[in-house]
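Right, one structure below, let's go through it.
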Amino acid sequence: SAGGDAARSAGWGAAAVLNDEQLGSCLGYLDGASLAAAGGVGRAAYAATHAAGDLWRDLCLHAQAADGGRTCLAFDVWADAAAPRSVRWKDAYANLHVRRQHRR
């Protein structure tokens, strides 16, 4: 659709000429901070980086392996005591990074 094409162009700029598979491949070269930052450039980029569960999973597992497996990945957090929620890989990566910063 014209609206979808406009959102894609605004979100990816010159990279909008790439198809979804090509964009996904490019995102796979980013580290966690860069992948998160890429999601802030527009609606299409936000959707793509949030849907990139496999990329976030790989980042989590590589980070944990680099840590010698000492850091446990957290998949359950509570927004409040009454409302437990499941954490996405992106959330788990952020939690892992925060815990690393606190250990230093």
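The values are calculated or read from the model by the stated rules, or taken from the named source; none is laboratory data. Since we're looking at a predicted model, the values are computed, not measured. Here the Cβ positions follow ideal geometry from the backbone for every residue, glycine too, while neighbour counts run over all protein chains shown. Each accessible area value is taken on the protein alone, full model and side chains, heavy atoms only, with ligands, DNA and RNA left out. Shrake-Rupley method; radii C 1.70, N 1.55, O 1.52, S 1.80 Å.
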key: Accessible surface of R88 - all protein chains present, 1.4 Å probe, nearest 10 Å²   = 120 Å²
remark   = Label model pair Q22, L61: point-to-point distance (7 angstrom along the Cα→beta-carbon line) in nm is 2.8 nm
ask   = When the solvent-accessible surface of protein heavy atoms is calculated with a 1.4 angstrom probe, in what order do Y93, Y46 fall, highest first?
value = Y46, Y93
Stretchable slack from D91 to A47, in nm (0.36 nm times residue separation minus alpha-carbon distance) = 14.3 nm
inquiry  = As a test of reading the structure, rank C26, C60 by solvent-accessible area (1.4 Å probe, protein chains only), most first.
reply    = C26, C60
